[in-house]
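Below: one structure, written as structure tokens.
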Amino acid sequence: MSIRILESKCCGCGNCADICPGGLFEMKNGKSFLPHPEDCWACASCIKECPEAALRMYLGSDIGGLGGAIHARREGSELKWIIELPGKELRILTTDSRSANEY
Amino acid sequence: MQWIFASQSVILYILVYYDIQEGETIQKQLELRYLSADFLIIGGGTAGCYAALEFCRASDGNVIIIEKANIRRSGCLAAGVNAINAYINPGSTPEGYAAYAARDAEGIASHDILLSMARGLNDTVKRMEELGLSVLKDEFGRYSARGAWNIKINGENIKPLLAKAVAAESRIAVFNHVWAKDFIVKEGRAVGAYAVDLKNSILYAVSAKAVLCATGGAAGLYKPNAPGFSRHKMWYPPFNSGTGYAMGLRAGAEMTSFEMRFIALRCKGTLAPTGTLAQGVGAKQINALGEECEGKYGRTTSQRLFAAKQEESEGRGPCFLKTTGISKEQDEDLFKAYLNMAPSQTLKWVESGKPPSEADVEIEGSEPYIIGGHTGSGYWVDNSRQSTIASLYAAGDASGACPQKYVSGAFAEGAIAARSAAKLLGSAPEISASSAQEEKEKLNAFFGRKDPGYTARQLEERMQCAMDKHAGGIGSNYRYSGKSLAAAEAEILEIESLSSFLRAETGKDLAAIHELRDRLLVCRALISHLGARKETRWRLFAEHADYPLKDDGWLKFVNSVLRGDKIEIIIRDVEKEGSPDEH
């Protein structure tokens, strides 16, 4: 379980470093850097805070990850979750903080 | 921040920077600064943030929150939460909730403490709704129930909502990215705490009239299910290092029920919650033959875990939650529900192409945690949530004898502690400059010393292996014996002694060393508790191979204190209708 950083998209704002509950991100040459990817808890806080959608959360293959990844974009009260499937196909799910879960 | 410094003169020791001889890293030595507040809260999670808000309602004093991450996404609710699991639905009573929680803990709980928490539950939810939390309602505008004591919410934003409310209160100062090291106790009274700002290399000596321990519990004591790349994909936050308990032990506070470990039965691999499947869509726990096995050994939390493990050990595993047959619409709703609390599970369903309607969800037990919000482990407190040390309070995962408090119970306890703290009069006591100086020197000694040839990470892995093998981890089917506990203790003591030679090159290293040492102390206390309870009251949570049966002679609290360098066990009676001894 961890986070992949798309270096070309990273603007170096440091939001991920500020929000990560484990304090796992560091800044290196103006870009975000995750020195210990195996320390990630997968809470997804960083992918919600990244203004450039430069972070991808993925499941480690040791717990069944298949190469897909997820990131999120916030639009008002909505979060658009973009899941990249292993075959590069996209699946988009939207959650809204104004509506409670049915389950 | 001017006001913080107002009550005490600012004494600033600027130290000369120095280069570490052997490496290229230049670590700025810590400088010392003094702060002061009426109410000091360690940990800006569920209980801590709520306590800060409540203190401002009950008093005109000021608050400092010390938080090692950022309160917007720290603690176990970082990813969100999608149900309130402690709520008094119409027709139920706080007394009923207290009885239910005590039953689930097989009687090892304080009735009065449970009751005081249960009475506060519904108010906290109302307040959170006012702060913007979405709660599912029925056609009549009433909260929609999920089971006897549960309501449905969308708590993806529960921490940002709390953080926003805290930011709006000018009397609360939040120190993010600052980790607490130790309480300061003077003549039996808590007068503050030491805390370290890693980024700015500052040691804060914070004095306060009242101090609240609102930290998380302890994860990372035992080897996890996937100890390799996904070593931190556990259920409870891997960043909860048991520091609140360790600080309390070192300060001389009494702890209770560490042996009532919590082992979570969760979705395999992601360790995502299962309540949403079990209670939300009514998925039954089944074995590999498709037979229902949930109630086979009883229905308490530990018995449901035991059912899954027992089916496995008798050759009928693995176990699943039977979700096949639910509708595609339910799949979609579940995807969203999990995105709001454990997005890894949604990713798993979607990327594998096997949604819950098409494949039952395999379940597994986590490694054991110490966590007062689920079981009864934590500080021994009275009804005001004061610990055995005057003006030191505990709430949420940190406080004990009050199992099944969950999110709303942590809020309720934070509120009780804050109202108690608001009644303390006088001003924040002075902190002795020589003690603060000594503390700074102790911390700075970790920098620039000789490389011992091993790292905190290596010692942590050794600790997790020792606990796994000898103190009832996953690898030993959660069982232990007097002999195995003695082996665990010997190894933990050796690791503790090795850890005192660790070298820090960066602030992060310094934090990692101290988190390891906090975990080791919690391990030591835990081993003493496990050995002291000479029965098996809770299946797997505390499965003593030498005493495999429940013995009602042990309907007692096992408590502990650290005296000198030894953990001493204290046995206390469970008062059916009374509280733990007032002190």
Output yes when any residue across the stretch B:508-522 is more than 14 Å from every other protein chain (Cβ to nearest Cβ) and farther than 18 Å from residue B:493 by Cβ, and no when none is.
-> no
Being among the polar types (S, T, N, Q) and in contact (Cβ under 8 Å) with a residue 60 or more places away in the chain is the filter; apply it to the stretch B:338-356 and report the residue that is farthest from the other protein chains (Cβ to nearest Cβ).
-> B:345
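Mind listing whichever residues of the stretch A:71-87 are closer than 27 Å to residue A:13 by Cβ and not in a strand (DSSP E or B)? So that I can check it myself, show each step before the final result.
Applying the first criterion (closer than 27 Å to residue A:13 by Cβ) to the stretch A:71-87 yields A:71-84.
Answer for the stretch A:71-87, where residues must be closer than 27 Å to residue A:13 by Cβ and not in a strand (DSSP E or B): A:76, A:77.
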Checking residue A:59 against (1) under 12 Å from the mean Cα position of the chain (by Cα); (2) more than 8 Å from chain B (Cβ to nearest Cβ); (3) hydrophobic (A, V, I, L, M, F, W, C), which test does it fail?
-> (2)
Restricting the first residue to the stretch B:291-304 and requiring it to be within 14 Å of residue B:103 (Cβ to Cβ), which pairs with a second residue that is assigned to a helix (DSSP H, G or I) meet a Cβ separation below 7 Å and a spacing of at least six or different chains?
-> B:300/B:104; B:301/B:104
Could you say which residue among B:148, B:98 is surrounded by 22 or more Cβ atoms within 10 Å (Cβ to Cβ) and within 28 Å of residue B:381 (Cβ to Cβ)?
-> B:98
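Only one of B:236, B:245, B:194 is part of a strand (DSSP E or B), of a type in the set (Ser, Thr, Tyr) and at negative phi. Can you tell me which?
Details: B:236 fails: part of a strand (DSSP E or B); B:245 fails: part of a strand (DSSP E or B).
Sole residue among the options that is part of a strand (DSSP E or B), of a type in the set (Ser, Thr, Tyr) and at negative phi: B:194.
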Could you please tell me which pairs satisfy a Cβ distance under 6 Å, a separation of 6+ or placement on different chains, a first residue in the stretch B:408-425 that is outside any helix (DSSP H, G or I), and a second residue that is crowded, with 19+ Cβ neighbours inside 10 Å?
-> B:424/B:209; B:424/B:210
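State the number of residues belonging to the stretch B:133-158 that are of a type in the set (Lys, Arg) and touching a helix residue (DSSP H, G or I) at 6+ places or on another chain (Cβ under 9 Å).
We begin by selecting, within the stretch B:133-158, every residue of a type in the set (Lys, Arg); these are B:137, B:142, B:146, B:152.
Narrowing the set further to residues that are touching a helix residue (DSSP H, G or I) at 6+ places or on another chain (Cβ under 9 Å) leaves B:146, B:152.
Matching residues across the stretch B:133-158 total 2.
Against the definition (among the hydrophobic types (A, V, I, L, M, F, W, C) and either part of a loop (DSSP other than H, G, I, E, B) or at positive phi (or both)), how does residue B:431 come out, yes or no?
Working: among the hydrophobic types (A, V, I, L, M, F, W, C): yes; either part of a loop (DSSP other than H, G, I, E, B) or at positive phi (or both): yes.
For residue B:431, the condition - among the hydrophobic types (A, V, I, L, M, F, W, C) and either part of a loop (DSSP other than H, G, I, E, B) or at positive phi (or both) - is met.
More than 10 Å from chain B (Cβ to nearest Cβ), surrounded by fewer than 22 Cβ atoms within 10 Å (Cβ to Cβ) and farther than 30 Å from residue B:331 by Cα: is that true of residue A:6 in this structure? Outline the logic, then answer.
Working: more than 10 Å from chain B (Cβ to nearest Cβ): yes; surrounded by fewer than 22 Cβ atoms within 10 Å (Cβ to Cβ): yes; farther than 30 Å from residue B:331 by Cα: yes.
Judged against the criteria, residue A:6 is a match.
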Name the pairs: first residue in the stretch B:171-192 and within 14 Å of another protein chain (Cβ to nearest Cβ), second residue assigned to a loop (DSSP other than H, G, I, E, B) and at pLDDT 95 or above, Cβ to Cβ under 6 Å, at least 6 apart or on different chains?
-> B:174/B:71; B:176/B:67; B:176/B:70; B:179/B:68
Members of the stretch A:12-23 found to be touching a strand residue (DSSP E or B) at 6+ places or on another chain (Cβ under 8 Å) and either closer than 15 Å to residue A:48 by Cα or within 11 Å of another protein chain (Cβ to nearest Cβ) (or both), listed by number = A:14, A:16, A:17
Can residue A:69 be described as more than 10 Å from chain B (Cβ to nearest Cβ) and touching a residue at least 40 places away in the same chain (Cβ under 8 Å)?
-> no
When the stretch A:31-56 is checked residue by residue, the ones that are buried (at least 22 other Cβ atoms within 10 Å of the Cβ) and either facing chain B (nearest Cβ under 8 Å) or among the small types (Gly, Ala, Ser) (or both) are A:32, A:40, A:41, A:42, A:43, A:44, A:45, A:54
Hey, does the stretch B:572-583 have a residue that's in contact with an Asp or Glu (Cβ under 6 Å, 6 or more places away or on another chain) and in a helix (DSSP H, G or I)?
-> no
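Would you call residue B:335 at pLDDT 95 or above, away from chain A (no Cβ under 14 Å) and in contact with a helix residue (DSSP H, G or I) (Cβ under 9 Å, 6 or more places away or on another chain)? Talk me through it step by step, then tell me what you get.
Numbers: at pLDDT 95 or above: yes; away from chain A (no Cβ under 14 Å): no; in contact with a helix residue (DSSP H, G or I) (Cβ under 9 Å, 6 or more places away or on another chain): yes.
So residue B:335 fails the test.
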Note on residue B:511: of the conditions (1) free of Cβ contacts under 8 Å to residues at least 60 places away in the same chain; (2) touching a Leu at 6+ places or on another chain (Cβ under 7 Å), unmet is (1)
Give the stretch B:241-264 a look and list any residue that's within 14 Å of another protein chain (Cβ to nearest Cβ) and touching a strand residue (DSSP E or B) at 6+ places or on another chain (Cβ under 6 Å), or say none.
-> none
Just wondering, is there one or more residues in the stretch B:59-80 that are surrounded by fewer than 22 Cβ atoms within 10 Å (Cβ to Cβ), without any contact (Cβ under 8 Å) to a residue 40 or more places away in the chain and either over 18 Å from residue B:371 (Cα atoms) or under 21 Å from the mean Cα position of the chain (by Cα) (or both)?
-> no
Qualifying strands (runs of 3 or more DSSP E) (wholly inside the stretch B:252-330; at least 2 residues being touching a helix residue (DSSP H, G or I) at 6+ places or on another chain (Cβ under 6 Å), modelled with pLDDT of 95 or more and of a type in the set (A, V, I, L, M, F, W, C)) = B:265-267
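At pLDDT 95 or above, in a strand (DSSP E or B) and closer than 22 Å to residue B:245 by Cα, is that true of residue B:562? Let's see the steps before the verdict.
Working: at pLDDT 95 or above: yes; in a strand (DSSP E or B): yes; closer than 22 Å to residue B:245 by Cα: yes.
Spelling it out, residue B:562 is indeed at pLDDT 95 or above, in a strand (DSSP E or B) and closer than 22 Å to residue B:245 by Cα.
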Tell me, which residue of the stretch A:90-102 that is within 10 Å of chain B (Cβ to nearest Cβ) and surrounded by fewer than 22 Cβ atoms within 10 Å (Cβ to Cβ) is nearest to residue B:337 (Cα to Cα)?
-> A:102
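The values are calculated or read from the model by the stated rules, or taken from the named source; none is laboratory data. Because the structure is a prediction, the values reported are computed rather than measured. Cβ sites come from the backbone with ideal geometry, for glycine too, and all protein chains shown count toward neighbours.
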